[in-house]
Amino acid sequence: MTDEQFSRKLSIERIVLRDMSFETPMGQDVFAGTWKPDCELNLQLRNVRLAEDLWEVILTATINAKVENGVAFLIEAQQAGVFKVPDLEPESLSRALAIEAPNLIYPFLRESVDNMAARGGFPPVNLQLFDFEARYAAMIEKANRSKPASGGEP
């Protein structure tokens, strides 16, 4: 199924910020040194079926910014979308929920994280673009490698 066909099948019902947390364990001491953080991003994706053709897709980003003396800040944000996805066979549904829906949610997540860092007195985080299609392909490849080989042929 092409991207254009997906876009006709996937409709956004709602985009919501489900949860947001911000911590600055070092307090004001974080601003005493030079600002050269090492930022780690952990991005998780989860899908929840709400009704026959209604899905919630949840992206969770955890950003851990470390400096010489410790953790400068920790942000965790859950951005979600509710999508209507009627009449898709399982493989197309899987692709829509793993690629198309997160691509629609991710810009909102990036903005939420940037705003939270700025409100905490830090420069914006500026999360880089994320390739959900490559992530999906890697997931499928990993699943195929873990399948036991069928008997018969060498």
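The values are calculated or read from the model by the stated rules, or taken from the named source; none is laboratory data. These numbers were taken from a predicted model, which means no experiment stands behind them. Cβ atoms come from the backbone with ideal geometry, glycine included; neighbour counts cover every protein chain shown.
A few points about this structure:
- Hits in the range 107-126 - residues which are over 11 Å from Phe73 (Cα atoms) and either assigned to a helix (DSSP H, G or I) or within 11 Å of the chain's Cα centre (by Cα) (or both): Pro107, Phe108, Leu109, Arg110, Glu111, Ser112, Val113, Asp114, Asn115, Ala118, Arg119
- Members of the range 60-92 found to be in contact with a Lys or Arg (Cβ under 9 Å, 6 or more places away or on another chain), free of Cβ contacts under 8 Å to residues at least 60 places away in the same chain and buried (at least 16 other Cβ atoms within 10 Å of the Cβ), listed by number: Thr60, Val67, Ala72
- Pairing residues of the range 8-30 that are under 16 Å from Phe108 (Cα atoms) with residues that are β-branched (Val, Ile, Thr) and surrounded by 12 or more Cβ atoms within 10 Å (Cβ to Cβ), at Cβ distances under 6 Å and at least 6 apart in sequence or on separate chains, gives Glu13/Val82; Arg14/Val82.
- With respect to the conditions (1) farther than 25 Å from Pro123 by Cβ; (2) touching a Phe, Trp or Tyr at 6+ places or on another chain (Cβ under 8 Å); (3) among the charged types (D, E, K, R), Glu52 falls short on a single one, namely (2).
- Scanning the range 10-43 for residues that are outside any strand (DSSP E or B) and of a type in the set (A, V, I, L, M), we see that the one that is nearest to Leu93 (Cα to Cα) is Leu10.
- Just so you know, in the range 127-154 the residues that are aliphatic (A, V, I, L, M) and outside any helix (DSSP H, G or I) include one that is surrounded by the fewest Cβ atoms within 10 Å (Cβ to Cβ), and it is Ala149.
- Members of the range 126-154 that are at pLDDT below 90 and closer than 27 Å to Thr24 by Cβ: Asn126
- For Glu100, the conditions (1) part of a helix (DSSP H, G or I); (2) within 10 Å of the chain's Cα centre (by Cα) are fulfilled apart from (2).
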